[in-house]
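Below is one structure; the comments refer to it alone.
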Amino acid sequence: MGNPPELYYKVLNITRDTPPQEIRAAYRCLVRQWHPDKHPPESKTEAEAMFKAITQAYEALLDQQENRAVLRACSIDVGRRSCSSADKGARAPENDKTAAGARTSAAPPQVPPHTPPARESQKVYSSTDVGGGGRRAFAEFSSYVLRKAPPLERKVECTLEELCAGCRKEVRYTRDVVTKNGLIAKKEVTQIIRVKPGWKKGTKVTFEGMGNERPGCLPGDAVFTVSARKHKAFKRQGDDLVLKAEVPLVSALTGWSFSFRLLGGEKVSWTFRDEVIGPGYEKVVRGEGMPVAGGKRGARGDVRVKFDVVFPKNLTDEQRRGLVEILRGCA
């Protein structure tokens, strides 16, 4: 004979040592919560399976408790009768006299075979003793109880500087928890996320079992997805940082000085004297981009500066003729 499966306790959201009165309270609360008539059509199938499983678990646990009580009573009764028979057997030699006038002890009365109480014959549930409708109910219910509750998903926003250097983010959120009575309560939770250098937008951080709870289900996970705040100068492409710079046409043709700051604050200055900046021109600063997450220590992407030549919107006839004369001999 075995104990009911752990599934019974999970269904009722109780522990193995829960007293009978609390089992009844949990059962009453859950059947009210999962009564099919209280659920809309789209969730009625799940509610019916839950309702059946809750009822089956409650009955099985009550049967187990009653059988344990009966077995204990029977063991005590059998022990008492065994002790009584032993006492009578020990006194028999004192009365066993064959001389005249001696009393001959009567044969001990025949004890009729013990008829166990009617309740003793009731079935004690084991892990395989869920029959009929109960087995079907648990088969239907298993798809709910053996899976986790849906994940609780949140975003954690980081600046490009934080994703570059790494940081520590404190996140607060509210999760659903199941009380001892099977009710859903709100609980404020604080978690710490350690953002590693080089993490990208879309990186997920999962706190297992710290999401929402649902009766009869494993606690869901809390999943935080990294999002990147838009940067005023740089745009991230993989592990590279792209900076767009607008160059007036005259500067692109005659020379130009340009400076900017890296994410770490260092200043970079360039002077263009002997080169012409054309559309699509790009200059690269090696190893000053984002750290490569999971790569070799110190590995970084590049900073790529893309120049956008700004052409004038209007030219006078005189300007056009002047440009023709200037540019006529240029290859």
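The values are calculated or read from the model by the stated rules, or taken from the named source; none is laboratory data. Only a predicted model underlies this, so the values are computations on that prediction, with no experimental measurement involved. These accessible areas exclude ligands, DNA and RNA; they are computed on the full protein's heavy atoms, side chains included. Shrake-Rupley method; radii C 1.70, N 1.55, O 1.52, S 1.80 Å.
Each Cα pair under 8 Å and six or more residues apart adds its separation to the average, and for the stretch 210-308 the resulting relative contact order is 27 percent. In terms of distances greater than 29 angstrom between alpha carbons, the cross-link table entries 38/204; 267/313; 10/201; 201/283; 155/267 yield 38/204; 267/313; 10/201; 155/267. Couplings for the stretch 53-61, taken from phi via the Karplus curve 6.51 cos²θ - 1.76 cosθ + 1.60 with θ = phi - 60°, read 5, 4, 5, 4, 5, 5, 5, 5, 5 Hz in order; Gly and Pro are left as x. On a per residue basis, the stretch 145-251 carries 58 Å² of accessible surface, using protein heavy atoms and a 1.4 Å probe.
If you take every DSSP beta bridge fully contained in the stretch 221-331, what fraction is antiparallel? Give it as a percent rounded to 5.
On the way: 15 of 23 bridges.
Around 65 percent antiparallel, to the nearest 5.
Accessible surface computed residue by residue for the stretch 253-331, with neighbouring protein chains in place and a 1.4 Å probe, gives 74 Å² per residue. By the rule of a C-alpha distance below 16 Å, with chain neighbours fewer than 8 residues away ignored, the lysines paired with residue 296 are 196.
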